[in-house]
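First comes the structure, then the notes that go with it.
The values are calculated or read from the model by the stated rules, or taken from the named source; none is laboratory data. Being a predicted model, the structure only gives us computed values, none of them experimental. Counting neighbours? That spans all protein chains shown, and the Cβs are built from the backbone with ideal geometry, glycine included. For accessibility, only protein heavy atoms count, side chains too; no ligands or nucleic acids. Shrake-Rupley method; radii C 1.70, N 1.55, O 1.52, S 1.80 Å.
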Amino acid sequence: DHIVTPASGPHISDPELRHIESVIRTKFQLSADQRVSAIVVGSAKLGFSFLEVRKNGQYKPAYRSYKPGISDIDIAIVSPVVYGKIWSDLASIGAHASRFPVSSKLGDYMYHGWLRPDHFPSPKAQRCIDWDDAYREIQQYPTLRNKRIRLALYHSQHFLETYQQRGLRLALEQEKFV
């Protein structure tokens, strides 16, 4: 439960998280009653990464420490409205295409209730462009400029929690093979 609480953790402050929420709220024209939450997850929250990773021929062991300036600060943005707006735009592109638009890993994440903005297809839908604009604005905030912020968009707290639980299950499975 600790890994999905609103507590900011040692590498980003509560005011920085509120700023991120404010930028997303403004860019997507959310009303005060429409939820948007920025929640630190991963090694920036825990102080270490519990999964080993093999990517592009590189190996990163499990339990590696968070390294300021080198490690990413992963932030889950939870907003059913923003998720719905972006997914609506993406679905509209697919509906108007003569064939399935792009081979992408976007659907792999959507299956788990979240979207990875770095997997948005090209050409980008307007709300994907809006997301990129919001991300650039967030990166310009004085205290966030030199931090490696990575955002992921979740439909709901439920999907955030189940995806984090999945990561814990995978880590336990990795331990069984060590």
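Worth a mention:
- Vicinal HN-Hα couplings computed from phi for region 31-41 (Karplus, 6.51 cos²θ - 1.76 cosθ + 1.60; Hz; Gly/Pro x): 7, 4, 8, 8, 5, 8, 10, 9, 10, 6, 9
- Estimated 222 nm signal from helices in the chain, with DSSP H stretches of n ≥ 4 weighted -39500 (n - 2.57), rounded to 500: -13000 deg cm²/dmol
- Region 122-163: C-alpha gyration tensor shape, a/c 1.5 cut-off, then a/b vs b/c: oblate
- Contour minus Cα-Cα distance for R116 and A95 (0.36 nm per residue): 5.5 nm
- Under a 5 Å amide H cut-off, with hydrogens placed 1.01 Å from N, L153 pairs with I77, L115 among residues at least 5 apart or on other chains.
- Under-5 Å amide H pairs with F48, H placed in peptide plane, nonlocal only: Y66
- J(HN,Hα) series, region 59-74, from Karplus relation 6.51 cos²θ - 1.76 cosθ + 1.60, nearest Hz, glycine and proline x: 10, 10, x, 5, 6, 6, 6, 5, 10, x, x, 10, 6, 6, 9, 7
- Relative contact order of the chain, pairs being alpha-carbon contacts under 8 Å that are 6 or more residues apart, as %: 26
- Anisotropy class of region 30-178 from Cα gyration tensor, a/c 1.5 cut: prolate
- Positive dipole terminus of the chain, leading residue within A44, F28, V78 (C-beta point charges): A44
- Surface exposure of the chain, expressed per residue as accessible area with a 1.4 Å probe, stands at 58 Å².
- Coil-residue chymotrypsin sites (Phe, Trp or Tyr not before Pro) of region 20-97, DSSP, other Cβ within 10 Å capped at 15: Y63
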